[in-house]
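Here is the structure we will look at.
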C-alpha cells in the first residue's frame, strides 16, 4: 500500500449549525455555550480538551469537476482531484507528467495540456520514460491576502520502509531568494 496515495477534502466540525464557518473576523465559536463569549474564544478551553485559540473547526473542500452536478462532483472526489483549505477560498490546479510545458500561455492552456499529456492532482503517474515534471497554478481568495508561496511536498518510502518527505518551494511572492540551506526566507511584506 502506498501511504501517500490519497486525496484531501475537508468539512466543518462544529456545534453551531454554521457549515464552512471559517471567517476570522466574525468567528462565533464552535461549541455553543463552551466558547460562547469573546473572552472564552480567545483564552478559554473547549470542554477541557483543547485551547480555544488553537481550535479552527472550519474547512472548505474544493473539487475540480467537469460540471456542477452530484455525479460529476462525486467522480472528481473519487479521482482525488480535490483539495482543502482552512478558510481562504484559493484555487489550485496541479498536473504531473513527462512532457509538460513549464510556461503555458495561461491557466486554460495549463489545464488543457495537463489532461492531454499529464495526470491531474490525485492521479497516478505510471510508465514515464524519465522523471516527471509538474505544473501548478494558484490564485488567491478574491477577498483575502496575497499568496506567499506555493510548495510541493514530495513523499516516498525509503528502502528500509520508512516514510520520507521533502518540502520544495516552487514559486513565491517578491524577489526573495532561497538561502544556502535551500529554504526560502519569510516575506518582509505583511499582507492585510
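Take every Cα pair under 8 Å in the chain that's 6+ residues apart, average their separations, divide by the length, and report that relative contact order as a whole percent. Write out the running numbers ahead of the final one.
Values: 305 pairs, mean separation 29.7, N = 192.
Result for the chain is 15 percent.
Under 8 Å for C-alpha pairs, at least 6 residues apart: give me the relative contact order for region 79-192, rounded to a whole percent.
Here the relative contact order equals 23 percent.
Just want the ordering: 128, 110, from fewest to most Cβ atoms lying within 10 Å of their own Cβ. The partial results should precede the final answer.
On the way: 128 13, 110 20.
Least to most surrounded, the residues fall as 128, 110.
Quick one: angle between helix 107-117 and the longest Cα principal axis of the chain, in degrees between 0 and 90, rounded to 10, please.
Orientation of helix 107-117: about 60 degrees from the principal axis.
As a test of the definition: which semi-axes, in Å, follow for region 90-141 when you take the square root of five times each eigenvalue of its alpha carbon gyration tensor? Largest first, please.
Gyration-tensor ellipsoid for region 90-141: 19, 12, 8 Å.
Report Rg/Rh for region 22-138, rounded to two decimals, where Rg is the Cα radius of gyration and Rh the Kirkwood radius. Can you show the working numbers first?
Details: Rg = 20.0 Å, Rh = 17.1 Å.
Here Rg/Rh amounts to 1.17.
What number, rounded to the nearest 500 deg cm²/dmol, is the helix-based mean residue ellipticity at 222 nm of the chain, given -39500 (n - 2.57) per DSSP H run of at least four residues and division by all its residues?
-4000 deg cm²/dmol, from helical runs alone.
Please state the relative contact order of region 145-192 as a whole percent: Cα pairs under 8 Å, 6+ residues apart?
It rounds to 35 percent for region 145-192.
Tell me, 31, 15 in order of fewest to most beta-carbon neighbours within 10 Å? Show your work: numbers first, answer last.
Numbers: 31 19, 15 14.
Sorted ascending by nearby Cβ count, the order is 15, 31.
With the cut-off at 1.5 for a/c, could you classify region 1-87 from its C-alpha gyration tensor as rounded, prolate or oblate?
The shape class here is prolate.
Order of 138-144, 157-163 by packing, highest average Cβ count within 10 Å first?
Highest to lowest by the protection proxy: 138-144, 157-163.
Over what distance in Å are the Cα centres of region 104-146 and region 18-76 separated?
That distance is 29 Å.
If neighbour count is taken as other Cβ atoms inside 10 Å, put 124, 46, 90 in order from fewest to most.
Ordered by Cβ neighbours within 10 Å, fewest first: 124, 90, 46.
Computed from the coordinates by the stated procedures, all read-outs in this text should not be read as laboratory data. Note that the coordinates shown come from a computational prediction; the quantities given were computed from them, not determined experimentally. Using ideal geometry, Cβ is built from the backbone for each residue, glycine included, and neighbour counts are taken over all protein chains shown.
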